[in-house]
Amino acid sequence: QVQLVESGGGWVQPGGSLRLSCVVSGTIRNILAMGWFRQAPGKQREFVAQISSVGVSTYAGSVRGRFTISKDSAKNTVLPMNSLKPEDTAVYYCNYRTYANEFWGQGAQVTVSS
């Protein structure tokens, strides 16, 4: 059974940094992309960033230049987040897509406030 587990969330002041990690347990084959979504209170879940199986990364305009997604050989992903803003406050979800399935983590809370 595949599980995605996020870690690294927390509270930070505006302008600060956090680093989210997503660790995979179980076997996932034929990954198309690994990414992150977020959902703020009262809002729909939105795309943040993803990295394809061949290493091509894409970002939402609101985070480009501040967030950087990467992956390792063990199929884990990390998302360093810099220059955080209050509007980045949300629950962040790890997301993996294969040809046949889509997997989600349980979410990690990120709160940016003074």
remark   = Among chymotrypsin sites (Phe, Trp or Tyr not before Pro) in region 1-110, those in a DSSP loop whose Cβ has at most 10 other Cβ atoms within 10 Å are Tyr99
Formal net charge of residues neighbouring Thr77 (Cβ-Cβ distance under 13 Å; K, R +1; D, E -1) = +2
remark   = Expressed per residue, the solvent accessible area of the chain in Å² (1.4 Å probe) is about 54
message = Using Cα-Cα distances under 8 Å and only pairs 6 or more residues apart, what relative contact order does the chain have, in percent?
response = 37
inquiry  = Rounded to whole Å, give me the distance from the Cα center of region 64-111 to that of region 24-50.
reply    = 6
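Roughly how many percent of the accessible protein surface of region 12-105 is carbon and sulfur, given a 1.4 Å probe and a whole-percent answer? Mind dumping the intermediate values first?
Values: 2400 of 4930 Å².
Reported share for carbon and sulfur atoms: 49 percent.
The values are calculated or read from the model by the stated rules, or taken from the named source; none is laboratory data. What you are looking at is a predicted structure, and each value in this text was computed from that prediction instead of being measured. FYI the Cβ positions are ideal-geometry reconstructions off the backbone, even for glycines, and counts take in every protein chain you see. Please note that ligands, DNA and RNA were not included when accessible areas were found on the heavy atoms of the full protein model with its side chains. Shrake-Rupley method; radii C 1.70, N 1.55, O 1.52, S 1.80 Å.
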